[in-house]
Amino acid sequence: MRERLEYAAAWATLKFFGWLPRPVSRWTAARFAAILFRLRPAWRRVAMFNLQLAFPGWSEAERSRVVRLMVRNLGWLMAEFAHLPHYSRESIERTMVQDGFENFLAAERQGRGVLFLTGHLGAWELKPFAHALYHKPIYFLVRPIKNRRVDALVNRYRGLSGNRPIEKNDSARVILRVLRDGGTVGILADQNTTPAEAVFVDFFGIPAATTAGLARLARRTGAAVLPVHSYWDASLKKYRLRCEPALELAHSADEEDDVFANTKLFNQTLEGFIRRFPDQWFWVHRRWKNRPPGEEPIYPDEKKAR
């Protein structure tokens, strides 16, 4: 019963925000997100704590401002996601413009596949959707939503431009095949991961459990690693889909040294994006949750629970 109710709520939310004209939908969704955020004070506490870790020199007022704008961005993203069925190659330019697309084409011409290094910044759900409309579909790595009905609904929306999700549990074999065929795979590499899968490298100066999979895939396949991000450009009143030049990766006789060095580079790259647009990153996520062996928890509520 709970699964059906959650699905009904998700379906109704998408239909409602998708039915509204886009400007009205964005305005309404931003206010809906603000109300939801006030009802979940734990989310604000985590966001404020993360910002204190990342920007220790900021004032309380500066951190509060970023949290407020982050919530607005999440509402906008909800509206954009609901409007995915309305986008086409002809209409997407009114919402998201390309920037640095020549960098993607150069990476694609190498013929060994492309790995998008990206994160939860700006309109991250619209980013691969727009890329598929501008060029051609890609694959992207996802963590399945626990509710199978909601998971299927979300992935159906994501796939309306031809993109295909790869579930984390089946990822290695599928990604290798896609890259071997010269395809593109997007990987959101800015979240906490399990210690067994992680390399602990600095993120905002603090060791963070970071997926080693991206670095291992790049080393094994020779695929280009292309930093790709999206952000709201207030001067244009549109999102920008920005492709940076492919990263120069370490490649030596020692795989573990290379994985560490390249994962560190990936975190530095993502951090650079977030520092430019701090109000557009997902600060609610417990990025520093898992700690190196022997280190105490970093979040206050987790310390109390021990």
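Readers should treat all values here as calculations from the given coordinates under stated rules, not as data from a laboratory. In this text the structure is predicted, and so the values were computed from the model without any measurement. Neighbour counts are summed over all protein chains in view; Cβ atoms, including those assigned to glycine, are modelled from backbone coordinates with ideal geometry.
Observations on the structure shown:
- Gap separating the Cα centres of the stretch 174-251 and the stretch 124-155, nearest whole Å: 16 Å
- What the phi angles of the stretch 266-283 give under the Karplus curve with 6.51, -1.76 and 1.60, with θ = phi - 60°, is a coupling list of 4, 5, 4, 5, 5, 4, x, 4, 5, 5, 6, 10, x, 6, 10, 9, 8, 6 Hz, glycine and proline written as x.
- Computed packing ranks the peptides 26-33, 10-17 as 26-33, 10-17, most packed first, by mean other Cβ atoms within 10 Å.
- Inter-label distance for HIS135 and THR194, nm, one decimal - labels placed 7 Å from Cα along Cα-to-Cβ: 3.2 nm
- Listed values for the stretch 293-300 are Karplus-derived 3J(HN,Hα) couplings in whole Hz (6.51 cos²θ - 1.76 cosθ + 1.60, θ = phi - 60°), namely x, x, 8, 6, x, 9, 8, x, and x replaces Gly and Pro.
- Residues whose placed amide H lies under 5 Å from that of LEU241, excluding near-sequence neighbours: VAL97, GLN98, ASP99
- Sorted ascending by nearby beta carbons within 10 Å, beginning with the fewest, THR211, THR269 become THR269, THR211.
- Residues whose amide H comes within less than 5 Å of that of ALA209, counting only those at least five positions distant or on another chain, are THR193, ASN290 (H built at 1.01 Å from N in the peptide plane).
- Computed over the chain, the range of Cα coordinates on each principal axis works out to 55, 51, 45 Å, biggest value leading.
- Taking a sphere under 14 Å around the Cβ of LEU133 and counting the other residues whose Cβ falls inside, with K and R at +1 and D and E at -1, yields a net charge of +1.
- Antiparallel DSSP beta bridges within the stretch 91-305, as percent of all bridges there, nearest 5: 40 percent
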